[in-house]
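Taking it in order: structure first as structure tokens, then the write-up.
The values are calculated or read from the model by the stated rules, or taken from the named source; none is laboratory data. Remember, it's a predicted structure, so these values are computed and weren't measured experimentally. Using ideal geometry, Cβ is built from the backbone for each residue, glycine included, and neighbour counts are taken over all protein chains shown. For accessibility, only protein heavy atoms count, side chains too; no ligands or nucleic acids. Shrake-Rupley method; radii C 1.70, N 1.55, O 1.52, S 1.80 Å.
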Amino acid sequence: MTLPTTHFWTWQNFSIRYQTAGTQGPPLLLIHGFGAHSDHWRKNLPDLGRSHRVYAIDLIGYGQSAKPTPGAPINYTFETWGQQVIDFCREIIGEPGFFVGNSIGCIVAMQAATMAPSQVLGLVVLDCSLRLLHDRKRATLPWYRSAPTPLIQAILNYKPIGKFFFSRLAKPKTLKNILRQAYGRKEAVTNELIELLLTPARDPAAVDVFVAFISYSQGPLPEDLLPQLSCPVLMLWGEADPWEPIQLGRELSKYEVVEQFMPLEGVGHCPQDEAPELVNSLITEWVQRKAATSLIKS
């Protein structure tokens, strides 16, 4: 088993943390979800590193990466994060690779694959964020369901209120309750997990990033990006995900680039952390098959 090592990379004059494992095989880039960071892949890096060169990145604004004030000069959008992972692929990985995302990390991976198709050999999507609070999705709802969202966003953008709300969320008991709702396998919500997610949240700059993202109701939806992709896609989806319901996830599998849609029984929103023994083997098998096919074609 290859133990991960931590590194830092300078991107647009900001410090970006990433972790690596493995020294050979097709490169994998692991992209975390909202509020998480590369440690959310701690159960995947060593195992995947047996047969791949694996990289897990902290998106700017998260984990141990820099958290610049929103808009000066970084906007926390999928275009920003897409460019970050494209540049990482070019400068650090040094060749095209397979991207593996969870939640909003899936949108980041798709965005990058539309911006620089030659850098992405394939995507593995774990419970993709459906962006149900997006402006275009709220426009289809009755007014009484869609009206509160902009008001709440405006209230949270008032700094003292946003800071207070974030401070309430960033407490072990609150976070534990939230994660126990999101995880199908409740036993995976450990004190270790709570602490690793809360540590970066104690950075005073984290609250501005949090408010900036929950106020972000524009940008791409997965159904915008999937038709633009030229690389193959494997979708893994927890059947017990309460945030991104599997029946809506299945709708995404109708796009031509999606080769397989695999439900994971009893698993919630974060399959890589809840069921690494399933996810690691499914990723390895699919990536090795795709890599072999690419080699034959070339």
key: Per-pair calculated FRET efficiency, R0 = 41 Å: K171 and A292 via Cβ, rounded to 0.05   = 0.30
ask   = If amide H atoms are built 1.01 Å from N in the plane of the peptide, which residues on other chains or at least 5 residues away come under 5 Å of the amide H of C128?
value = S103
task = Just need the relative contact order of the chain here, percent rounded to a whole number, with Cα pairs under 8 Å and 6+ apart.
result = 19
inquiry  = Going by amide H atoms built from the backbone, whose H comes under 5 Å of the H on I31, apart from near neighbours?
reply    = V100, G101, N102
request  = Calculate the spin-label point distance for A205 paired with D224, positioning each point 7 Å from the Cα along the beta-carbon direction, and give it in nanometres.
outcome  = 2.7
ask   = How much solvent-accessible surface does S129 expose, in Å² to the nearest 10, with a 1.4 Å probe and all protein chains in place?
value = 10
ask   = What does the accessible area of L169 come to, in Å² to the nearest 10, when a probe of 1.4 Å is used?
value = 50
ask   = Just one of (1) 28, 22, 20; (2) 24, 22, 21; (3) 40, 21, 17 is semi-axes √(5λ) of the Cα gyration tensor in Å as worked out from the coordinates here. Which one is it?
value = (1)
message = Test of understanding: what is the full-extension gain from T6 to N191, defined as 0.36 nm times their sequence separation minus their Cα-Cα distance?
response = 64.4 nm
key: Additional length obtainable on full extension of the chain from S15 to Q260, 0.36 nm per residue less Cα span   = 84.6 nm
message = Need the full-extension length gain, Q24 to M115, defined as separation in residues times 0.36 nm minus the C-alpha distance. One decimal, nm.
response = 30.1 nm
task = Please determine, in degrees from 0 to 90 and to the nearest 10, the orientation of helix 78-88 with respect to the longest principal axis defined by the Cα atoms of the chain, where the helix direction is its Cα long axis.
result = 40
request  = Could you tell me what percent of the DSSP beta bridges with both partners in the chain are antiparallel, to the nearest 5?
outcome  = 30
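Sort 43-55, 245-257, 178-190 by the packing proxy (mean of other Cβ within 10 Å over each peptide's residues), most packed first.
Details: 43-55: 22.4, 245-257: 14.4, 178-190: 16.1.
Ranking, from highest mean packing down: 43-55, 178-190, 245-257.
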request  = Would you count, across the chain, every pair of lysines whose alpha carbons are under 30 angstrom apart, provided the pair is eight or more residues apart or spans two chains?
outcome  = 28
request  = Estimate the FRET efficiency between F34 and R90 by the formula 1/(1 + (r/R0)^6), using the beta-carbon distance for r and 41 Å for R0, to the nearest 0.05.
outcome  = 0.95
task = Work from the charge dipole of segment 5-297 (Cβ charges, +1 for Lys and Arg, -1 for Asp and Glu, about the Cα centre) and give the residue of T199, W41, F261 farthest towards its positive end.
result = T199
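Could you rank the peptides 75-83, 30-38 by their average count of other C-beta atoms within 10 Å per residue, with the highest value first?
The most tightly packed comes first, giving 30-38, 75-83.
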Label point distance in nm, L278-S217, each placed 7 Å from Cα along Cα→Cβ = 3.4
request  = Kindly write out, for segment 250-255 in residue order, the coupling ³J(HN,Hα) from the Karplus curve 6.51 cos²θ - 1.76 cosθ + 1.60 (θ = phi - 60°), rounded to whole Hz, with x marking Gly and Pro.
outcome  = 4, 4, 6, 6, 6, 6
